[in-house]
Amino acid sequence: MSSLIEAYPRGVEPRRDAMKAPDDVSAMLKLKALGWGVKRIAAELGCSKHTVKRWLALGGWRPCASPSRSKRLDGHAEWLAERFRRHAGNADVIRQELAREKGLTVSLRTVERAVAPLRRDLIAQARATVRFETAPGEQLQIDFGVRRVEIGGTVTAVFLFVATLGYSRRLHVRAYGHEKQDSWFDGMESAFRAFGGVPQEVLLDNARALILHHDPVSREVVLHPRLHAFARHWGFRVRACAPYRARTKGKDERGVGYVKRNAIAGRSFTSWAELEGHLDAWTRDIADQRQHGTTGEAPLERFRRDEAHALKPLAGIPPFTTARDLVRRVGADCAVEVDGNAYSVPWRLIGERVRVMVEAGTVRVLHAGREVAVHAELKGRHGRSTQDAHLVGVAGSAGHPVRLTRPEGAAADMAMPALLRPLAEYEAVVGGGF
């Protein structure tokens with residue numbers, strides 16, 4: 001027994017597996033006082049008999065003993081704090097500057113221990129969120145979140161546009177194949193139509209497609225010119241949340257997570273249309289009807305009672321034109337690529353530059369000022385829209401003689417472009433036929 005006391009001086013408790021809660025140690029002492037043996041106590045409390053011996057030798061619970069460490073960074077607290085803020089908590093950069101400027105060569109772990117209190121403050125500051133409530137019709141928060149979803153047997157990256165009304169917490173969700181500017185505009189217009197009106201303000205993150213610059217110190221915001229035009233067209237003001245402080249847009253941050261976890265998680269879809277139909281049904285039957293944890297009401301009920309009439313009516317406001325004008329070169333597969341999807345064009349245009357217009361769900365391809373192909377815009381990525389007429393006459397294609405055809409959608413009197421190169425070259429490029 002004396003050896004145990006010498007191994008653990010008074011005031012210092014055993015470490016590792018011997019550490020027990022105060023109640024457990026108190027139980028050990030009481031059972032010992034009742035005449036219980038060490039083995040019986042250990043079996044009762046589910047621990048080692050050696051652990052019981054050690055705690056009985058101490059006579060009671062003691063706090064955890066921290067090993068003493070040499071503190072080479074004592075006296076540098078202010079310098080460490082300043083560099084910690086400057087480098088946004090990067091301890092390795094601080095370690096490098098300690099060696100270069102102070103002549104102190106220490107391990108990364110030493111620096112991490114020294115700045116641990118500062119890091120806790122930084123994390124607490126980042127998590128701190130002041131809840132604010134907005135009046136009916138005052139604010140709409142928008143954001144994108146990405147989730148990989150199985151669609152038609154292929155795992156696809158789906159970009160989920162989520163809009164949340166600040167007062168009622170009513171959600172609107174749309175799925176896109178990318179997060180480009182036209183997706184933001186289409187998502188907002190879709191939300192305005194779904195809610196039946198336009199809010200006074202739209203709060204968004206600092207997306208590159210919309211915000212050209214946002215100074216974190218002066219809070220100066222430079223909007224993309226097309227976002228300016230879009231906001232003027234619909235009559236709302238734009239507000240961007242503080243850089244690196246997306247939690248100031250907390251309602252929608254939670255909304256994106258709610259959609260990912262509840263509407264999408266664990267589900268697969270046979271087509272993009274099925275995914276969109278599922279999101280519409282989920283919004284109508286689940287999201288709109290749930291009892292919201294903050295308001296205590298169903299978002300749809302709160303919206304109809306207090307917020308619907310507070311939105312600016314849509315009457316007389318036409319859609320904002322979001323056409324994209326692109327230039328593409330026709331590939332050897334008789335197609336042009338737009339947003340990761342392929343659209344066929346007449347095979348005679350292989351290698352030529354064409355103009356591609358994307359507007360209102362339609363992809364139009366023009367060559368020399370004439371329309372040569374029209375396709376419905378594909379959702380997602382890695383899709384292909386092919387029209388058989390574009391491949392008629394390809395050298396080596398089974399059952400098709402070589403002949404000239406008028407591109408689909410072209411005028412009847414349209415003159416076909418001259419043969420651009422010998423057919424043998426096309427056949428060599430595509431590997432002997434289609």
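Criterion applied to 150, 189, 112, 101 was being acidic (Asp, Glu), crowded, with 17+ Cβ neighbours inside 10 Å and out of contact with any Gly (no Cβ under 9 Å at 6 or more places or on another chain), and the one residue passing it is 189.
Restricting 35, 60 to residues that are at pLDDT 85 or above, over 29 Å from residue 109 (Cβ atoms) and not in a helix (DSSP H, G or I) narrows the list to 35.
Listed by first and then second residue, the pairs with beta-carbon distance under 9 Å, at least 6 apart or on different chains, first residue in the range 313-340 and of a type in the set (A, V, I, L, M), second at pLDDT below 80 and not in a loop (DSSP other than H, G, I, E, B), are 332/426; 332/429; 338/324.
Confirm whether residue 138 is out of contact with any Gly (no Cβ under 9 Å at 6 or more places or on another chain) and modelled with pLDDT of 90 or more.
Spelling it out, it is not the case that residue 138 is out of contact with any Gly (no Cβ under 9 Å at 6 or more places or on another chain) and modelled with pLDDT of 90 or more.
Applying the criterion of being in contact with a helix residue (DSSP H, G or I) (Cβ under 8 Å, 6 or more places away or on another chain) and at pLDDT 85 or above to the residues of the range 366-397, the residue that is nearest to residue 330 (Cα to Cα) is 367. Quick check: anything in the range 135-144 exposed (fewer than 14 other Cβ atoms within 10 Å of the Cβ) and either part of a strand (DSSP E or B) or among the charged types (D, E, K, R) (or both)? Checking the range 135-144: not a single residue is exposed (fewer than 14 other Cβ atoms within 10 Å of the Cβ) and either part of a strand (DSSP E or B) or among the charged types (D, E, K, R) (or both). Looking only at the range 345-359, decide whether some residue is surrounded by fewer than 16 Cβ atoms within 10 Å (Cβ to Cβ), small (Gly, Ala, Ser) and over 27 Å from the mean Cα position of the chain (by Cα). Within the range 345-359 (the criterion being surrounded by fewer than 16 Cβ atoms within 10 Å (Cβ to Cβ), small (Gly, Ala, Ser) and over 27 Å from the mean Cα position of the chain (by Cα)), the answer is yes, since at least one residue qualifies.
Results for (1) assigned by TED's automatic domain parsing to the domain that holds residue 241; (2) out of contact with any strand residue (DSSP E or B) (no Cβ under 6 Å at 6 or more places or on another chain); (3) within 30 Å of residue 234 (Cβ to Cβ); (4) at pLDDT below 85, shown as yes or no for each residue.
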site: 22; (1), (2), (3), (4): no, yes, no, yes
site: 40; (1), (2), (3), (4): no, yes, no, no
site: 71; (1), (2), (3), (4): no, yes, no, yes
site: 104; (1), (2), (3), (4): no, yes, no, no
site: 132; (1), (2), (3), (4): no, yes, yes, yes
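For residue 332, the conditions (1) surrounded by fewer than 20 Cβ atoms within 10 Å (Cβ to Cβ); (2) touching a strand residue (DSSP E or B) at 6+ places or on another chain (Cβ under 8 Å); (3) more than 30 Å from residue 134 (Cα to Cα); (4) not aromatic (Phe, Trp, Tyr) are fulfilled apart from (2).
From (1) surrounded by 13 or more Cβ atoms within 10 Å (Cβ to Cβ); (2) in contact with a strand residue (DSSP E or B) (Cβ under 9 Å, 6 or more places away or on another chain); (3) over 30 Å from residue 136 (Cα atoms), pick out the condition that doesn't hold for residue 323. Every listed condition holds for residue 323 apart from (1). For the range 194-210, name all the residues that are in a loop (DSSP other than H, G, I, E, B) and touching a residue at least 24 places away in the same chain (Cβ under 8 Å). Within the range 194-210, 196, 197, 199, 200, 205, 206, 207, 209, 210 meet the criteria.
Would you mention how many residues in the range 153-171 are out of contact with any Lys or Arg (no Cβ under 9 Å at 6 or more places or on another chain) and buried (at least 17 other Cβ atoms within 10 Å of the Cβ)?
Keep residues of the range 153-171 that are out of contact with any Lys or Arg (no Cβ under 9 Å at 6 or more places or on another chain), which gives 153-154, 171.
Right, trim to buried (at least 17 other Cβ atoms within 10 Å of the Cβ) and you get 171.
Number of matching residues: 1.
Filtering the range 225-249 down to residues that are assigned to a loop (DSSP other than H, G, I, E, B) and buried (at least 17 other Cβ atoms within 10 Å of the Cβ), which residue is modelled with the lowest pLDDT? My answer is 241.
The values are calculated or read from the model by the stated rules, or taken from the named source; none is laboratory data. Bear in mind the structure is a predicted one, so any value in this text is a computation, not a measurement. Backbone-built Cβ (ideal geometry, glycine too); neighbour counts: all protein chains shown.
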